[in-house]
Amino acid sequence: MSQYRKVKKDLEEMFLQAPWQDCFARYFASNQNHVKGALFSLLLHKDELVRWRAVIAFGIFAKELAKANIEDARALLRQCMWRMNEESGNYGLGVPESMSQIIIADARLAKEFASILCSYVCDDEKRDGNYVEDTLLRRGAYWGVLTLARDYPKIVEGFINNIISALKEDDAYIRLYAIRILAELKKQDMLKKRDTLKSLDTQSVEDRQSVEDRRELVEARKIDESPLTIYEDDALKTWTIAQELANMGNVGVELVL
């Protein structure tokens, strides 16, 4: 068996166990060769939990790379960006999610690459966006943006119009992630600059209509019972948008107002 195949098999077996993070950190410390390639390969694994754990492992991997040499971590992100490019011949399943974990591994990476990840959900022709047409890849990009919103809300806030528009997406996962991103920004008080905090009396007719449109969108999602399998707390669980909004209470409606 080649060394690469051995590393891939070792990681696959590791990701099928819990807890696995400490084991991966120790394994990486003594088996750095082929880990990157194995992780990219495991992003396409048939087991969904293995795929998600490969995503998280990229963050652990990148943190150690950045400590030793930030250029190696930058190179890893550039490789991810290339895999998102159609010209690469790759299908970047799991790549946007992995990018988010790599980016939050080091503040220097966030400063340089966070806006690039956000640009994958930006379809504004007036901006230099890298909008991703493929639904599965765009879903991954929204999950990644949610990850960024927790640590770098200021950067994500710059793409707020795209996040709000995502409430109308056909893909239920994207709608859920958009709701969570908006809730995260609201929690961190990053929506205060928007027209949403103006008194209705001082808003223009156009602004008031925009608010009402958003309210109707969120209200409609309260009966969205589409079952979704989401990754949370290192496990898979079944969830719905209706449950998400019910847990939020009034915030569920107010988060875009």
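The values are calculated or read from the model by the stated rules, or taken from the named source; none is laboratory data. Quick caveat, the model's predicted, so the values are computed rather than measured. Cβ placement follows ideal geometry from the backbone for every residue including glycine, while neighbour counts extend to all protein chains displayed.
Is it the case, given these coordinates, that residue 113 is touching a Leu at 6+ places or on another chain (Cβ under 9 Å) and closer than 26 Å to residue 22 by Cα? The answer is no for residue 113. Checked against (1) within 18 Å of residue 160 (Cβ to Cβ); (2) surrounded by fewer than 20 Cβ atoms within 10 Å (Cβ to Cβ); (3) modelled with pLDDT of 95 or more, residue 135 passes all but a single condition, namely (1). Taken across the range 66-77, residues that are more than 23 Å from residue 16 (Cα to Cα), charged (D, E, K, R) and touching a residue at least 40 places away in the same chain (Cβ under 8 Å) do not occur at all.
In the range 140-159, the residues that are crowded, with 19+ Cβ neighbours inside 10 Å form Cβ pairs under 6 Å with partners that are of a type in the set (Asp, Glu), at six or more places apart or across chains, as follows: 140/97; 143/97; 144/97; 149/184. Checking the conditions here, which among 115, 119, 100 is within 21 Å of residue 162 (Cα to Cα), in contact with a Ser or Thr (Cβ under 8 Å, 6 or more places away or on another chain), in contact (Cβ under 8 Å) with a residue 12 or more places away in the chain and surrounded by 13 or more Cβ atoms within 10 Å (Cβ to Cβ)? Only one candidate passes the filter, namely 100.
Each residue in the range 61-92 was checked for being under 18 Å from the mean Cα position of the chain (by Cα), of a type in the set (A, V, I, L, M, F, W, C) and buried (at least 16 other Cβ atoms within 10 Å of the Cβ), and 7 of them qualify. Filtered by the rule that a residue be among the hydrophobic types (A, V, I, L, M, F, W, C), surrounded by fewer than 17 Cβ atoms within 10 Å (Cβ to Cβ) and in a loop (DSSP other than H, G, I, E, B), the range 1-46 gives 1, 16, 18, 44.
Out of 210, 165, I need the residue that is over 29 Å from residue 49 (Cα atoms), modelled with pLDDT of 85 or more and among the hydroxyl-bearing types (Ser, Thr, Tyr). Which one? Answer to the selection: 165.
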